[in-house]
Amino acid sequence: MEKFLLVLEVITTCCAVTQSMTGQERSEEKSECVSLSPMMEAVPAPPESERVCVFGTGDLGRSLGLRLLQAGYGVVFGSRRPHSSSSLLPHGAQVLGHAAAAQSAHLIFIAVQREHYDFLVPLANQLKGKVLVDLSNNLKKNQYPEANAEYLQSLVPGAEVVKGFNTLSAWSLQNGPSDANRQVYICGESVEAKQAVIAVAIKLGFSALDRGFLSVARELEDFPLQLFPQWRLPLRIAIGLSAAFFFYLLIRDIIYAYVTQSKDISFRIMVSLANKVCPIVSLIMLSLCYLPGVLASFLQLYRGTKYRRFPDWLDRWMLCRKQLGLLALGFAFLHVLYTLIIPIRFDYKHASLSLFQIRENRTTQFDMTTAWRGDSYLSLGILGFGLYVLLGITSLPSVSNALSWREFSFIQSKLGHLTLLLCTAHTYLYGWNRFLSSSTYKWYTPPGYMLCLVLPSVVLLLKLLLITPCVDRTITRIRQGWERGADQRNPKDSQPLIP
């Protein structure tokens, strides 16, 4: 009975305390702060060093806030309408007005467009000494006279502005970093401010790269506006070669037959003509992939040193060799597909040699030379295409990163030239003895496969000269630092360091 009375007394005391709360104490519970996770109200707020602020509640701002929450940061959103926007933001974050949010954290992400920077001017006192990370981009290059980050710095001179995270999309932030979007570029005037931003980027799983001062911000803002910059020249070459050989073969094969023989074979444009254009362009593109390396070697031989820059045109050419090779592989794939569907075409079935011989009641003696030529032609094509695919696979970053430099160089250089040799021999066997036949030269023009053999043959001959022992030894010495005439200019340099 005494225990029951004691429990009753405790309950009565608790109720009295609850009812004695004043109206002022109840009003203190209502503040501008809106918690987005009721279960976290009892958890103490993280220290300011682990709390970050995000201005902007759009897709990018919400995705960034979610990643920061997952990394363990306390996130405070700054919004013009904190109560109405709270339902859109990730759970666990807080949403305040801009002034209150600016005072809650030292690091502030500005995830709004440049046109809306005006609201930061009245907050100059609250933002003084803060680190502002500008995430904005423009719709086109040179849209404004200065970079967005520089403009932001002029609006809030007391803050430390850092440009960063602008190369990431909301999708990449939501799904986490991957090999394609792991890099984060940073630039700013303050070293301490950049170090703080880099620390956040690393904690989010990204790899941060300091690009220097804030004057580089315009270059960083132009990165998301680039559309396949390394692919432009290879694509132009591929389109130009495809168009040129298409019309060349159209004149030789289709128009020639119509003019001289009154035969309409225009249906061959869809498969037969395309199956001639694709291997021609593929072989030329593969040759263009290895030609700049050969030219660079001869240029080093001529100069006798490796310490002089290549011409700009050769430098740009060498930088797009990967794209040239991948486009060549794509045309080779098309050639394989077109070749596989040839037996099911109506024209092939209708003009089958066996059916023609049965109708004419004729027989043809088996030709061993033609059989060897046909099997060799097919075998070299299969081997060349197999190495083609190997080159394409090893060019993928996920594969090339797992290879040592010697392994990668062996595949891309040694096996690459072997691929070019096999594909060139495959084309030579296709022509066989038709090179000397006058009927091959329609309207005194050489066939397309004959034209495409010029460049790979030149590349292979030049490479053959480079791998001869005397030339290869000289190139190796040059690439190891030797310079022609250096011994005469500086005789002391030629003496060994250790006698």
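The values are calculated or read from the model by the stated rules, or taken from the named source; none is laboratory data. Note that the coordinates shown come from a computational prediction; the quantities given were computed from them, not determined experimentally. As a convention, Cβ positions derive from the backbone with ideal geometry for all residues, glycine included, and neighbour counts pool all protein chains shown. These accessible areas exclude ligands, DNA and RNA; they are computed on the full protein's heavy atoms, side chains included. Shrake-Rupley method; radii C 1.70, N 1.55, O 1.52, S 1.80 Å.
Below is a table of values for the structure above.
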read-out	value
Options Arg484, Arg479: the member that is touching a Gly at 6+ places or on another chain (Cβ under 7 Å) and not aliphatic (A, V, I, L, M)	Arg484
The one condition in (1) open to solvent by less than 50 Å² (accessible area, probe 1.4 Å); (2) over 30 Å from Leu152 (Cβ atoms); (3) not charged (D, E, K, R) that Gln230 fails to fulfil	(1)
Identity of the residue in region 69-83, more than 16 Å from Ala102 (Cβ to Cβ) and at pLDDT below 90, that ends up least open to solvent (accessible area, probe 1.4 Å)	His83
Set Asp487, Asp472: member being charged (D, E, K, R) and at pLDDT 90 or above	Asp472
Strands (runs of 3 or more DSSP E) lying entirely in region 131-210 (those with 2 or more residues that are surrounded by 13 or more Cβ atoms within 10 Å (Cβ to Cβ) and touching a residue at least 60 places away in the same chain (Cβ under 8 Å))	131-134
Inter-residue pairs, beta-carbon under 7 Å, first more than 22 Å from Leu422 (Cβ to Cβ) and in region 391-408, second open to solvent by 50 Å² or more (accessible area, probe 1.4 Å) and of a type in the set (D, E, K, R), 6+ apart	Pro397/Asp179; Ser398/Asp179
Exclusive hit being surrounded by 14 or more Cβ atoms within 10 Å (Cβ to Cβ), in contact with a Ser or Thr (Cβ under 9 Å, 6 or more places away or on another chain), assigned to a helix (DSSP H, G or I) and at pLDDT below 95, set Arg252, Arg218, Arg268	Arg252
Of the criteria (1) at positive phi; (2) buried (at least 21 other Cβ atoms within 10 Å of the Cβ); (3) of a type outside the set (Ser, Thr, Tyr), which one Gly92 fails	(2)
Evaluation of Thr305 against (1) within 32 Å of the chain's Cα centre (by Cα); (2) part of a loop (DSSP other than H, G, I, E, B) (one fails), failing number	(1)
So Arg316, is it more than 26 Å from Leu464 (Cβ to Cβ) and either at pLDDT 90 or above or of a type outside the set (Ser, Thr, Tyr) (or both)	yes
Single residue of Leu383, Leu378, Leu451, Leu403 found to be surrounded by fewer than 17 Cβ atoms within 10 Å (Cβ to Cβ), out of contact with any Cys (no Cβ under 8 Å at 6 or more places or on another chain) and more than 23 Å from Phe331 (Cα to Cα)	Leu403
